[in-house]
Structures are given as C-alpha cells and as structure tokens.
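The values are calculated or read from the model by the stated rules, or taken from the named source; none is laboratory data. Bear in mind that the values here come from a model prediction, so they are computed numbers and not experimental data. For neighbour counting, all protein chains shown are included, and Cβ atoms are generated from backbone atoms with ideal geometry for every residue, glycine included.
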Amino acid sequence: VNKWVFDIVEKYNGSVSAEHGVGLVKKDYLRYTRSDAEIALMKGIKQVFDPKGVMNPGKIFD
C-alpha cells in the first residue's frame, strides 16, 4: 500500500512528509518529493547539529 500511495503523491507533486517527519516508513520514498540538492541540504543541517551521528542513527540518512 505504501508504494501505491507514494506513487500517487509523486504523480501530483505532493510530499511524503509534513508535521511528523519522514521516519522509517517514508525513508525510501523521500526522493519522490525532494531533489538531490534538498536532501544534501538536509544532510548538511543534520551534520551541523549531530556531527557524531548519535541522534536517531539510520532513521533518515544511512
């Protein structure tokens, strides 16, 4: 069901995430609605606030 829903989200330029974040269920579908540049920016922000990667390791970025 997730893939079907996220395919529709991608088709209509929606977002896989809103108030509650990405999480493990939506992790594989983040690229459906975020560009490589946006994901790189997100990774950069996480690096600033969590340089050792101890907060929620593997939850969004591996």
Selection from the stretch 6-23 of residues that are surrounded by 10 or more Cβ atoms within 10 Å (Cβ to Cβ) and either part of a loop (DSSP other than H, G, I, E, B) or among the acidic types (Asp, Glu) (or both): 7, 10, 14, 15, 16, 17, 21, 22
Subset tally (residues that are of a type in the set (A, V, I, L, M), assigned to a loop (DSSP other than H, G, I, E, B) and out of contact with any helix residue (DSSP H, G or I) (no Cβ under 7 Å at 6 or more places or on another chain)) for the stretch 46-62: 2
Some residue of the stretch 15-34 being touching a Phe, Trp or Tyr at 6+ places or on another chain (Cβ under 7 Å) and of a type in the set (A, V, I, L, M): yes
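Looking at 43, 26, 3 in this structure, which one is modelled with pLDDT of 90 or more and assigned to a helix (DSSP H, G or I)? Give the steps one after another, and end with the answer.
On the way: 26 fails: modelled with pLDDT of 90 or more; 3 fails: modelled with pLDDT of 90 or more.
From the options 43, 26, 3, the qualifying one is 43.
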Residue list for the stretch 32-62, filter: loosely packed, with under 12 Cβ neighbours inside 10 Å and of a type in the set (Ser, Thr, Tyr): 35
Pairs with Cβ under 6 Å, 6+ apart, first in the stretch 6-20 and at negative phi and modelled with pLDDT under 85, second basic (Lys, Arg) and surrounded by 12 or more Cβ atoms within 10 Å (Cβ to Cβ): 16/26; 17/26
